[in-house]
Amino acid sequence: MNIFLASPDETEALGSRLVLEPSAPWKTLALHGELGAGKTTLVRGLVRAMGGDPDEVHSPSYVLEHHYEVSGGVLVHRDAWRGDAGESHGVAPECCRMVVEWPDKANGEMWPHPVVALTLKHTANGRVASVPDGIL
């Protein structure tokens with residue numbers, strides 16, 4: 001399903017929906033999209049809906065991985081652009097949810113399941129999110 005997102009607020013709201021919808025049982029969100037597509041903005045919405053502080057959310061591009069304290073555990077936000085071994089640095093995957101940017105660059109065998117892939121793309125008037133049918 002394609003969802004048009006006219007603003008960063010709508011992108012963040014989609015992140016919240018991915019947590020709050022009972023039909024969205026993901027443990028790992030494989031987040032595809034070019035630079036500036038809104039991946040980190042979407043993660044802000046995830047963190048807010050999970051009871052964390054959205055102001056703490058930053059792109060993991062330079063540090064490779066952020067851990068956000070949320071209700072019931074940790075959300076791991078990883079950038080796999082430079083590849084990875086599929087293991088979180090310091091957090092056992094079973095204990096948390098994970099968002100992986102550039103997932104095609106990583107070995108996802110060790111990621112918590114179920115894994116849901118989502119793609120964000122630029123358009124002339126905003127962004128389009130491609131979400132698998134049945135998730136929202």
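Some notes on this structure:
- Where Val76 falls short, out of the listed (1) modelled with pLDDT under 85; (2) touching an Asp or Glu at 6+ places or on another chain (Cβ under 8 Å): (1)
- In the set (1) surrounded by fewer than 20 Cβ atoms within 10 Å (Cβ to Cβ); (2) out of contact with any helix residue (DSSP H, G or I) (no Cβ under 7 Å at 6 or more places or on another chain); (3) at pLDDT 80 or above, Ser61 fails one condition alone, (3).
- Scope the range 1-54; condition among the hydrophobic types (A, V, I, L, M, F, W, C) and free of Cβ contacts under 8 Å to residues at least 40 places away in the same chain; matching residues: Ala13, Val19, Leu20, Leu35, Val47, Ala49
- Candidates in the range 99-132 are the residues that are among the charged types (D, E, K, R) and at pLDDT below 90; of these, the one that is farthest from the chain's Cα centre (by Cα) is Glu109.
- Counted residues, the range 20-32 - those being modelled with pLDDT of 90 or more and crowded, with 20+ Cβ neighbours inside 10 Å: 3
- Residue in the range 34-42 that is at pLDDT 95 or above and of a type in the set (A, V, I, L, M, F, W, C) present: yes
The values are calculated or read from the model by the stated rules, or taken from the named source; none is laboratory data. Remember, it's a predicted structure, so these values are computed and weren't measured experimentally. Every residue, glycine among them, receives a Cβ derived from its backbone with ideal geometry; neighbour counts consider all protein chains shown.
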